[in-house]
1. Which of the residues spanning segment 559-580 are part of a loop (DSSP other than H, G, I, E, B) and crowded, with 18+ Cβ neighbours inside 10 Å?
2. Which pairs do you get when a residue that is touching a residue at least 24 places away in the same chain (Cβ under 8 Å), found in segment 258-271, comes within reach of a residue that is not in a loop (DSSP other than H, G, I, E, B) and not small (Gly, Ala, Ser), reach meaning Cβ atoms under 7 angstrom, with the pair 6+ apart or on two chains?
3. When you scan segment 365-377, do you find a residue that is among the acidic types (Asp, Glu) and either modelled with pLDDT of 95 or more or touching a Lys or Arg at 6+ places or on another chain (Cβ under 7 Å) (or both), even just one?
4. When segment 485-499 is examined, which residues are found to be open to solvent by 40 Å² or more (accessible area, probe 1.4 Å), closer than 25 Å to VAL279 by Cβ and part of a helix (DSSP H, G or I)?
5. Given (1) in a helix (DSSP H, G or I); (2) closer than 25 Å to CYS552 by Cα, where does ALA502 come up short, assuming only one miss?
6. Which pairs do you get when a residue that is modelled with pLDDT of 90 or more, found in segment 463-477, comes within reach of a residue that is open to solvent by less than 70 Å² (accessible area, probe 1.4 Å) and part of a loop (DSSP other than H, G, I, E, B), reach meaning Cβ atoms under 6 angstrom, with the pair 6+ apart or on two chains?
7. Among ASP542, ASP517, which is open to solvent by 70 Å² or more (accessible area, probe 1.4 Å), among the acidic types (Asp, Glu) and under 23 Å from SER393 (Cα atoms)?
8. Would you list the strands (runs of 3 or more DSSP E) that sit entirely within segment 267-346 and hold 3 or more residues that are of a type in the set (Val, Ile, Thr)?
Amino acid sequence: MTEFMEEYGGDCPLSKPHNNSTGDTNHEPKLASRTTGGEISPYQPRPPSIPRLSKSTKSVSLEDAMRNRRLRNSQGSLSDPTETGSSTDSLKEDQEVLAPGRFAVGAEEQASNARPRSAVTTGSPVFRDRGGSLSEHERRPRSQPIDHADHPGRSAKVRLSPVQPTGPLPALERSFASATLRAANRIDGDCLDLAMLTREKLGERLHRNLSDSRLLENMGSDSASVTSIRSGYSVLNPIRPQDVRNRSFLEGSVLGSSALLGAEELDRHFPDRRVGVYVATWNMQGEKGLPTNLDDLLLPTDSELAQEFYIIGVQEGCPDRREWETRLQETLGPYYVTLYAASHGVLYLTVFVRRDLIWFCSDVEHATVTTRIISQIKTKGAVGLAFIFFGTSFLFITSHFTSGDAKVYERVLDYNKIIEALALPKSLPDTNPYRSTPSDVTTRFDQVFWFGDFNFRLSKERSDVETLMNHTAGGDMGSLLEHDQLSKEMKDGSIFKGFQEAQIHFLPTYKFDIGSDIYDTTSKQRTPSYTDRILYRTRQADDIRVVKYTSCSNIKTSDHRPVIGVFQVKLRPGRDNIPLGAGQFDRSLYLEGIRRRITRDLKRREAMKNHSSSAICAIS
């Protein structure tokens, strides 16, 4: 190594000026062999391939040497396949040259090296020739490691080509790229740095079942980053061929961890294992005319997020049930499909589910019960729907009890008849048979929602009720509920055993003059009451959390106000022995609802366009 550097440093014209006094006009590097201890070294280094200097040039600067090397690389790479001149090859060659112990430098040679070295000989190895002399140096024995203390001009770190920036790059802390990476980790649990991201969030659960708007909430307004995350977004798990061989996705493995409805799939879609359920009940009073807009019923403006399930129960429904269901589909739009719809006379019950979650729903079963003496009369009774989502069984019941201020006992009889006669489940497995009771259908399911027009009244004169309503402040309806018949019967345990109801902070929903907010002004002067209710029951405590419980005061086409409830329901993993519904839904209803939605939007845009054009003409 010393001979190599001394030969370049001592005799190379780049480092040592020519001695004109000797009269030597030959500027070629000298190839005299060196001796150590009186012996001639068998190795004679070759000079680097550098351009021949002119006679008038006394010295070559470092910048000129760098420029010559770039020119040589760019020209040689076109003809020589080994000379590519790329930064990757430069890095590899630099690493080979600077590898520890590659060149041996003897102590005697270091001591005899008294001549000053130029910047070319002590700088980066990229200035050395990559020809045969370099490979000969590499074949030398690794006797001693290089002592960097004796070579202050040589860096111990591997350096890239001089064309690269020498200073450190600025740190990327909150760039668009890093935001894209963070958002991608929130979705894909298979990322290697997911654990690190979780620790940064201090244990915060990652929600991978969010919509695109939620996924992009922490990102900047950069179109490239938005396109990048959307292209990388996926919730699909890889499936191995062995899994496909060993399992049937309808009736197969009963291992909860590897099942299609098991814990792994559940945690992927619902990290907190809770699903949103939106329940609405409304007595339509049999009116043929429907509201022009159902957004206030299903998509209220005070709700931050839409829910996964929408369950709508109707009493005294409109004559055209299909029209009603189409209007619901038009309002919810393409994100939701009709999981099932059932009816019992003028009682309608419809269940909508998010389109991408329908694969985890079982077959849906329904049953009906009439509470009239004559079974053909179906104005009073109940209709129930049952299904299993992952490993949690659901039961939804909408009912219409006997009307009348004083007919409390008849309403209790209606309840008892329904829980005994509602034949559910039929073929669905009972998720917890040890806690089921044959005489009560509500004990056979994990989560039960019962809603409808129960017709329980306020046992108070109308004038007194109006006085109490005028003195309610801050949504405190405790003074009114003290006279509520349903609350009294539930405390006595005669009805809705094991059920709960959220706190009521809205005014009575019965009975109004149609199209106004004024209570009954007819000759009957009916007392305002809480006839429309939503109750729930769960097998495990705190499995159902109430998010919202209120009435919809903007829909005034009936003498009843709709009542809505939003809940977060606990989910549990399932097994492959649950008969899945195979993604079945009402396709014709879906297409008709979407067609109407598109037509409505086109008409709205056309109206806005005509309005703007007419306004311009009027101004001009």
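The values are calculated or read from the model by the stated rules, or taken from the named source; none is laboratory data. These figures come from a predicted structure and were not determined experimentally. Cβ atoms come from the backbone with ideal geometry, glycine included; neighbour counts cover every protein chain shown. Areas reflect the complete protein model, heavy atoms only, side chains present, ligands, DNA and RNA absent. Shrake-Rupley method; radii C 1.70, N 1.55, O 1.52, S 1.80 Å.
1. Hits for segment 559-580 are ASP559, HIS560, ARG561, PRO562, LEU571, ARG572, PRO573, GLY574, ARG575, ASP576, ILE578.
2. LEU261/PHE360
3. yes
4. LYS488, MET490, LYS491
5. Evaluating ALA502 over (1) in a helix (DSSP H, G or I); (2) closer than 25 Å to CYS552 by Cα leaves (1) as the failure.
6. Close Cβ pairs satisfying both conditions: VAL465/THR527; VAL465/PRO528; MET477/ILE504.
7. ASP542
8. Fully inside segment 267-346 and qualifying: 274-283, 309-315.
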